[in-house]
Amino acid sequence: MVTLDVGELQIEAFSIGGVETCYQIPALDVCLDIGRCPPGAERRAVLLLTHAHIDHAAGLPYYVSMRGLSNLTPPRVYCPAADREGLQSVLDAWSRLQTDSARCRLVGVKPGDEIRLPRDHVARPFRSIHRISTVGYTIFSQRRKLKQALHGLDGPEIARRARAGETVNEIHERAELCFPGDTRIEVVDREPTVRTARVLLLECTFVGPDVTVDKARRSGHVHLDQIAERADLFDNEHIVLTHFSRRHSPEHIKAEADRRLPASLRSRVHLLLHESVIEKERSNSAAR
Ligand SMILES: [Zn+2]
């Protein structure tokens with residue numbers, strides 16, 4: 001687990017492609033994907049699942065069960081609408097095996113839906129482009145501000161209008177964080193908040209010449225070279241590149257990022273590297 005301090009958010013992050021992906025945002029009481037349910041994830045009351053690949057979703061029954069065992073409220077879990085039935089049947093099967101009732105509110109979502117989060121935040125799903133049905137999520141902060149047209153009026157007058165039923169405030173939104181999940185690069189072109197959110201968690205499964213861009217595309221993933229080609233599109237304050245394949249060593253990933261990304265982008269890019277874990281995973285897979 002790596003703690004990222006990005007924007008105004010702290011994120012407890014773990015993501016290695018094909019192994020496990022889970023991000024916890026304690027301030028918003030939310031997990032983005034659940035991986036194998038890493039320690040502490042059960043404390044988050046809301047789970048936003050991007051898709052049902054096992055490295056992103058296998059921990060769901062464990063997460064729901066651990067919340068029950070810890071006397072925490074049943075979680076709200078959101079997933080692509082197409083996956084709801086399948087995931088519910090996994091939960092139901094495990095409940096039968098354990099002869100208890102794993103309680104959770106499982107909701108299928110589609111683009112255009114809105115999910116309320118704590119501290120005046122909302123999450124909105126959008127369509128990502130992967131090998132199976134996948135949604136990304138953008139988290140917005142909302143702040144109530146006096147309507148522009150009423151600027152200049154004094155306090156008592158504004159209060160009088162509010163009492164008379166006039167709407168005196170308007171909501172200002174800011175895209176704080178965007179997480180497309182597993183995706184092809186085209187999501188950058190299609191979904192505006194991928195380019196504008198203050199923090200972008202973007203998968204970059206492959207780097208360097210060992211895996212071609214074409215192969216990355218066919219597997220439904222992003223190659224670093226495709227991010228470099230689009231360097232001018234990203235307006236984000238922080239871009240966290242994640243979900244690196246375990247075939248790449250941390251040194252190789254760093255060297256490729258330094259070599260391929262222009263300085264204007266590289267200076268805003270964080271690489272989510274789990275150095276010791278990746279080395280262990282690499283030696284395990286070499287031994288198999
Ligand atoms: Zn996937």
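The values are calculated or read from the model by the stated rules, or taken from the named source; none is laboratory data. Note that the structure is a prediction, hence the values are computed from the model and not measured. In this analysis, Cβ positions are derived from the backbone assuming ideal geometry, glycine residues included, and neighbour counts consider all displayed protein chains. Calculation scope for accessible area: heavy atoms of the full protein, side chains included, ligands and nucleic acids excluded. Shrake-Rupley method; radii C 1.70, N 1.55, O 1.52, S 1.80 Å.
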Accessible area of region 13-99 belonging to carbon and sulfur atoms, whole % at 1.4 Å probe: 56
Dipole magnitude of region 95-145, debye to nearest 20 (Cβ charges: Lys/Arg +1, Asp/Glu -1, about Cα centre): 200
Interchain or long-range residues, amide H under 5 Å from Thr205's placed H: Val222
Simple Cβ-charge dipole of region 2-287, Lys/Arg +1 and Asp/Glu -1, about Cα centre, in debye nearest 20: 560
Accessible surface of region 138-267 [probe 1.4 Å, protein heavy atoms]: carbon and sulfur percent: 47
Accessible surface, per residue, of the chain when the full set of protein chains is kept, probe 1.4 Å, Å²: 47
Descending principal axes extents, the chain, alpha-carbon based, whole Å: 74, 56, 30
Between region 34-52 and region 158-185, the alpha-carbon center distance in angstrom: 26
Karplus-derived 3J(HN,Hα), 6.51/-1.76/1.60, for each residue of region 199-212, Hz, glycine and proline x: 10, 10, 9, 10, 5, 9, 5, 10, 9, x, x, 5, 10, 6
Relative contact order for region 98-162, counting Cα pairs under 8 Å that sit 6 or more residues apart, in percent: 21
Contact order relative to length of region 2-287, as percent, for alpha carbon pairs under 8 angstrom and 6 or more apart: 14
Derived scalar couplings ³J(HN,Hα) [region 73-86; Karplus, 6.51 cos²θ - 1.76 cosθ + 1.60; whole Hz; x for Gly, Pro]: 5, x, x, 9, 10, 10, 8, x, 3, 5, 9, 4, 4, x
Contact order relative to length of region 26-121, as percent, for alpha carbon pairs under 8 angstrom and 6 or more apart: 28
